[in-house]
1. Taking into account only those residues within the range 46-78 that are more than 19 Å from residue 200 (Cβ to Cβ) and within 16 Å of the ligand (Cβ to nearest atom), which is modelled with the lowest pLDDT?
2. Just to be sure, is residue 130 away from the ligand (no atom under 16 Å from the Cβ) and in the same structural domain as residue 69 (by the TED database)?
3. Return yes or no: is residue 120 in a helix (DSSP H, G or I) and surrounded by 15 or more Cβ atoms within 10 Å (Cβ to Cβ)?
4. If I filter the range 97-117 down to residues being more than 12 Å from the ligand (Cβ to nearest atom) and assigned to a loop (DSSP other than H, G, I, E, B), which single residue comes out as farthest from residue 178 (Cα to Cα)?
Ligand SMILES: CCCCC/C=C\C/C=C\CCCCCCCC(=O)SCCNC(=O)CCNC(=O)[C@H](O)C(C)(C)COP(=O)(O)OP(=O)(O)OC[C@H]1O[C@@H](n2cnc3c(N)ncnc32)[C@H](O)[C@@H]1OP(=O)(O)O
């Protein structure tokens with residue numbers, strides 16, 4: 001049985017994408033621009049650009065999902081709740097001072113950074129969650145536009161995927177969190193366009209703080225490329241209940 005946070009985060013991930021209507025149609029505070037083209041594609045499913053290693057690992061983990069011990073996490077270009085009319089309310093509740101600085105039009109163009117590249121050129125990845133072990137494994141295939149030193153991934157690209165993986169682990173365990181601290185040891189350079197496994201583990205929850213660690217390994221687990229520890233902090237707990245209800249429970253329009 002999934003915990004409340006995990007169930008809600010998974011609901012938010014799947015939410016509006018499975019045929020369910022949005023909480024309310026976009027109102028004056030959240031009009032879609034004509035230039036907006038949001039793909040509804042679940043990017044965590046096999047694509048022609050995925051390598052043999054990536055497909056093999058995807059199949060292996062999907063097999064592990066059959067008994068329910070692992071869960072495949074879908075992934076879209078924007079989080080489901082971002083389209084809700086209530087999203088600006090959500091932003092304001094959590095970031096009362098910063099919300100004035102956010103341009104609503106630009107917000108409506110927001111895309112998840114890791115899903116904003118053309119297929120195969122940037123971040124191709126799929127995550128699997130094990131609730132009993134509080135683990136998330138990310139199978140990551142980086143594309144040629146993530147180059148740093150010629151022939152290798154840019155450290156910032158690796159940091160991004162680590163943040164996304166440990167961040168997802170913290171979200172499913174803690175709800176709405178932000179990265180407070182991320183420490184990375186780059187031990188070996190990662191060859192460009194290779195597939196790696198990012199193994200993350202929730203180590204501890206101390207009040208609002210969640211500590212998550214991870215390593216990045218080659219698919220045969222023989223090379224340890226990177227190790228990281230992170231601290232996530234749950235946001236604004238006093239306001240969490242009502243805002244979470246508002247944003248995450250997508251009630252159909254009356
Ligand atoms: C909307 C619905 C969501 C559903 C999601 C569903 C799907 C998601 C799909 C995709 C998501 C992909 C995942 C991506 C993850 C990426 C995450 C990020 O990159 S976040 C961006 C980078 N981070 C930031 O910008 C954060 C900036 N910092 C802050 O906003 C604040 O500092 C804070 C982290 C929020 C903490 O501030 P706050 O006032 O709330 O807390 P305190 O300062 O009082 O601290 C609390 C506690 O923590 C300790 N702390 C804080 N910071 C640090 C630190 N850097 N190092 C060590 N300790 C720290 C502090 O000492 C306090 O401790 P204690 O209570 O013991 O005193």
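The values are calculated or read from the model by the stated rules, or taken from the named source; none is laboratory data. Keep in mind the model is a prediction, meaning the values are calculated, not measured. Here Cβ is always computed from backbone atoms with ideal geometry, including for glycine, and neighbour counts include all displayed protein chains.
1. Of everything passing the filter in the range 46-78, 78 is modelled with the lowest pLDDT.
2. So residue 130 fits the description; yes.
3. Working: in a helix (DSSP H, G or I): no; surrounded by 15 or more Cβ atoms within 10 Å (Cβ to Cβ): yes.
Against the criterion (in a helix (DSSP H, G or I) and surrounded by 15 or more Cβ atoms within 10 Å (Cβ to Cβ)), residue 120 does not qualify.
4. Taking the range 97-117 first, the residues more than 12 Å from the ligand (Cβ to nearest atom) are 99-109, 116-117.
Those left that are additionally assigned to a loop (DSSP other than H, G, I, E, B): 102-103, 109, 116-117.
On the way: 102: 17, 103: 21, 109: 21, 116: 20, 117: 23 Å.
In this case the residue turns out to be 117.
Conditions (1) within 10 Å of the ligand (Cβ to nearest atom); (2) in the same structural domain as residue 56 (by the TED database); (3) surrounded by 17 or more Cβ atoms within 10 Å (Cβ to Cβ), marked per residue:
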site	(1), (2), (3)
151	no, yes, no
155	no, yes, no
160	yes, yes, yes
164	yes, yes, yes
171	yes, yes, yes
176	yes, yes, yes
180	yes, yes, no
187	no, yes, no
